[in-house]
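K.L.:
Okay, handing you the structure first.
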2 protein chains.
Amino acid sequence: MNDLEATALRYRDGELYVLDQRLLPGEERWLHCTGTAQLVELIRGLAIRGAPLIGIAAALWVGHSALQGEDHDELTRTIGELRKARPTAVNLTHYLDRLQHAVDNGQSAAKIGAVAVDVFEQDVALCAAMSNHGAALLQAGDNILTHCNTGSLATAGAGTAVGVIMQAHRLGKNIHVWVDETRPLLQGARLTTWELQRAGIPHTLICDGMAAGLMAVGRVDRVVVGADRIARNGDFANKIGTFMLAVLAHHHQVPFYVVAPRTTVDTACPDGGSIPIEQRDPEEVRGVIGSYGTCLWSPPNVPVYNPAFDITPAELVTGWVLDSGVYTGSQVRDGALTGRCRNC
Amino acid sequence: MNDLEATALRYRDGELYVLDQRLLPGEERWLHCTGTAQLVELIRGLAIRGAPLIGIAAALWVGHSALQGEDHDELTRTIGELRKARPTAVNLTHYLDRLQHAVDNGQSAAKIGAVAVDVFEQDVALCAAMSNHGAALLQAGDNILTHCNTGSLATAGAGTAVGVIMQAHRLGKNIHVWVDETRPLLQGARLTTWELQRAGIPHTLICDGMAAGLMAVGRVDRVVVGADRIARNGDFANKIGTFMLAVLAHHHQVPFYVVAPRTTVDTACPDGGSIPIEQRDPEEVRGVIGSYGTCLWSPPNVPVYNPAFDITPAELVTGWVLDSGVYTGSQVRDGALTGRCRNC
């Protein structure tokens, strides 16, 4: 496989490296991936995160493993282990399906590696397409609210929702971004601020409970978020707190867009109720644990509910920004996400 | 003044003590109040917090100062300094108005002290009345969502919203409480959990962005919150994140109650737009700072928006639970909060 370089993923001289996102924004440290179990742990522990990036890292590892001489059974086992790393994001499943297909067809190691490289390069192209479609929806001077992190740290390319914001900024649209901190794991406060700062895009950090008050006084023009899985009826799973924003946007008549590549659509999934939601460690809510330090502020052992994602129903979405274009609710009801829409 | 004892406030042998709420739940440390400037700093720094309690502590300090021999001008200066401690909660203003009135009328130090004691004892009675009215609204087996801290740490008595929950629990209603952590200052995670644990009431801690998903699947039967100031049209200011809950409850047809003593109603304030909203230190949002430790997880100097409160409009409120009873929207429109309602 040729050398590949993304903000948080690197294939160089035949070795896979990932940027340890747990250490951002304080430190930029690259980790050398040397085993499947290690990679699974890095994904579970959120060193590698973002629905597309998880899938791309896994795909590159399978390509790398083929080139290291793993045979059909070994590669199938490797793919099986990677599949179980996290349950909600569907890109991982899609990309590993492609690799397993190449393995099952008895492709050469070089061909399997080429599929992995194609997964990476396709994501870059998908991001560029989404960014262009989405940026056209933003108006000059818009205040955009976003949640979690959906930029170049989460993909091989420019990102999903943040990719749209970056492109609008490049087009000179004079965008300002409200960044939800995104409790419990603070991807907005840690990662999106870091990305926007590097890109020179004006932004302001808020706590998740502050978005409503901003909308009430007309200080949010649009909400733009990513997705971990989109069902074929348009319902989607994304970072916990997204559904809250959709309800608030609906109440205040603020347009609400979800931005994702077609690899995030699960056509086998009829609706949001069928998307598995990962429950995570109570310690994440009892305090914070990270490279910035550890604080426990709650009574020890307080009972906690900690779903990583929530479901936003299609009726609250103004538009689905995919690489193939922007779709409305009626187009989604007509089958736009299944590729069977006659008017799309 | 005779000895007085509340969960977070104590007058004993002629000295005022406050429980340092910054150290909870890790440590229970009482601070001896020895000066007006010190008390103002304790209020600003949230060692003493909760709209009623701030006012009661200030009132007791004025009574104490009178007994220490402060004359009319000195007491007026003391009251003036205390008034500026925090701008949003109106109980502080109401209670200090009572003390200033006694001072202006040339009352004896003993009489001024008696007014302060009455402020304390009245709050205990108001809490008991609210708790009874509110508990009657809760059904057996209810899952109640609450925000911030509104229990006995915030008042001289049983509390406002948490007082209602405590009373329902005492009545054997088998209540379970969802506790919003309440970023940025985590009063829910630190204080409400501590109070509910001491009372043996089942509860589960969540991040503020998780309430919406719980409502979507029918796991929240009622939302009960406190208030820092209620305008005469029923709009009210409360801890940032409250308005979000009101919108979510409205969307999901979940009853939403605000619980406050009559001393929280500002009849001079026509509507929510007239309530001053305190902006606080950006560092509170860039990380956490507390007795549990200090973590900065955002890029240093990231721009921050940090209002301490937001405004919930009257049309999203199912009922106003005051010490005098429970009022509906139409009663509030008829003047229930101004004491001029013919049907209340």
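No value in this document is a laboratory result; all are computed from the given coordinates. Here the structure is a predicted model, which is why all the values come from computation and not from measurement. Here Cβ is always computed from backbone atoms with ideal geometry, including for glycine, and neighbour counts include all displayed protein chains.
K.L.:
Which whole-number percent gives the relative contact order of chain A, counting Cα pairs below 8 Å spaced six or more residues apart?
P.N.:
16 percent
K.L.:
Please list, or write none, the lysines whose alpha carbon is within less than 30 Å of the alpha carbon of B:LYS111, excluding same-chain residues fewer than 8 places away.
P.N.:
B:LYS84
K.L.:
So which trypsin sites (Lys or Arg not before Pro) in the range A:204-260 pass both tests, a DSSP loop state and at most 16 other Cβ atoms within 10 Å of the Cβ?
P.N.:
Here the sparse-neighbourhood loop sites are A:ARG219.
K.L.:
Once you treat every alpha carbon in chain A as an equal point and sum by Debye, what is log10 I(q)/I(0) at q = 0.14 Å⁻¹?
P.N.:
-1.13
K.L.:
Put +1 on the Cβ of each Lys and Arg and -1 on the Cβ of each Asp and Glu in the range B:276-344; which of B:GLY293, B:TYR305, B:GLY329 then has its Cα farthest toward the positive end of the dipole?
P.N.:
Farthest towards the positive pole: B:GLY329.
K.L.:
Now for a different question. Using every alpha carbon pair in the range A:48-132, what percent of pairs falls into each 10 Å bin from 0 up to the bin containing the largest distance?
P.N.:
19, 52, 24, 4, 0
K.L.:
Sorting B:ARG29, B:ARG340 on the 10 Å Cβ count, fewest up front, what's the list?
P.N.:
Ascending number of Cβ neighbours within 10 Å: B:ARG340, B:ARG29.
K.L.:
At 7 Å along the Cα-to-beta-carbon direction for both B:ALA136 and B:GLU121, put a label point, then send me their distance in nm to one decimal.
P.N.:
Distance between label points: 2.6 nm.
K.L.:
Starting from 0 in steps of 20 Å, tell me what percent of the Cα-Cα pairs of the protein assembly as shown lands in each bin.
P.N.:
In order of increasing distance, the bins hold 18, 47, 26, 8, 1 percent.
K.L.:
I've got another one for you. In which sequence would A:ILE48, B:ILE311, A:ILE201 go, from the one with the fewest C-beta neighbours within 10 Å to the one with the most?
P.N.:
Ordered from fewest to most neighbouring Cβ atoms within 10 Å, A:ILE48, B:ILE311, A:ILE201 come out as A:ILE201, B:ILE311, A:ILE48.
K.L.:
Given label points at 7 Å from Cα along Cα→Cβ, what nm distances, shortest first, separate B:PRO270 from the same residue in every other copy?
P.N.:
5.5
K.L.:
Could I have the simple spin-label model distance between A:ASP271 and A:SER324, label points 7 Å from Cα toward Cβ, reported in nm to one decimal?
P.N.:
Roughly 2.3 nm, to one decimal.
K.L.:
Next question, about the same structure. In terms of modelled amide H atoms, which long-range or inter-chain residues lie less than 5 Å from the amide H of A:VAL304?
P.N.:
B:LEU205
K.L.:
Between Rg and the Kirkwood Rh of the range B:259-344, both from Cα atoms, what is the Rg to Rh ratio? Please report the intermediate quantities before stating the final value.
P.N.:
Working: Rg = 18.7 Å, Rh = 15.9 Å.
The Rg/Rh ratio comes out at 1.17.
K.L.:
Need one number: nm distance between label points at B:ALA128 and B:GLN279, each 7 Å from Cα along Cα→Cβ, rounded to one decimal.
P.N.:
4.4 nm
K.L.:
A further question on this structure: Looking at the range A:33-182, what % of the alpha carbon pairs are farther apart than 26 Å?
P.N.:
Result: 33 percent of Cα pairs exceed 26 Å.
K.L.:
What is the dipole size for the range A:1-142, taken about its Cα centre, with +1 at each Lys and Arg Cβ and -1 at each Asp and Glu Cβ, in debye to the nearest 20?
P.N.:
The calculation lands at about 380 debye.
K.L.:
Nearest 20 debye, what's the magnitude of the dipole of the range A:28-84 about its Cα centre given +1 on Lys and Arg Cβ and -1 on Asp and Glu Cβ?
P.N.:
Using Cβ point charges on Lys, Arg, Asp and Glu, the range A:28-84 gives about 320 debye.
K.L.:
Something else: Out of B:ASN301, B:ASN149, B:ASN132, any idea which swings most in a Gaussian network model of chain B, alpha carbons joined below 10 Å?
P.N.:
B:ASN301
K.L.:
Still on this structure, I have one more. Select from the range B:17-87 those GluC sites (Glu not before Pro) which occupy a DSSP coil region and have at most 15 other Cβ atoms within 10 Å, ordered by residue number.
P.N.:
Taking the range B:17-87 and a limit of 15 other Cβ atoms within 10 Å, the loop GluC sites (Glu not before Pro) found are B:GLU27, B:GLU28.
K.L.:
So what's the gap between the Cα centers of the range A:5-26 and the range A:281-315, to the nearest angstrom?
P.N.:
Here the two parts' Cα centres lie 26 Å apart.
K.L.:
While we're here: Which ³J(HN,Hα) values, rounded to whole Hz and listed in residue order, are derived for the range B:249-257 from phi using the Karplus coefficients 6.51, -1.76 and 1.60 in 6.51 cos²θ - 1.76 cosθ + 1.60 with θ = phi - 60°, glycine and proline given as x?
P.N.:
In residue order, the calculated couplings are 5, 4, 4, 9, 6, 9, x, 10, 10 Hz.
K.L.:
Follow-up question, since we're still on this one. Evaluate the charge dipole of chain B about its Cα centre and quote only its size in Debye, nearest 20, assuming +1 on the Cβ of each Lys and Arg and -1 on the Cβ of each Asp and Glu.
P.N.:
The calculated dipole for chain B is roughly 700 debye.
K.L.:
Of A:VAL124, A:LEU99, A:ILE79, which is farthest towards the positive pole of the range A:78-133's charge dipole, taken about the Cα centre with +1 and -1 on the beta-carbons of Lys, Arg and Asp, Glu respectively?
P.N.:
Of A:VAL124, A:LEU99, A:ILE79, it is A:ILE79.
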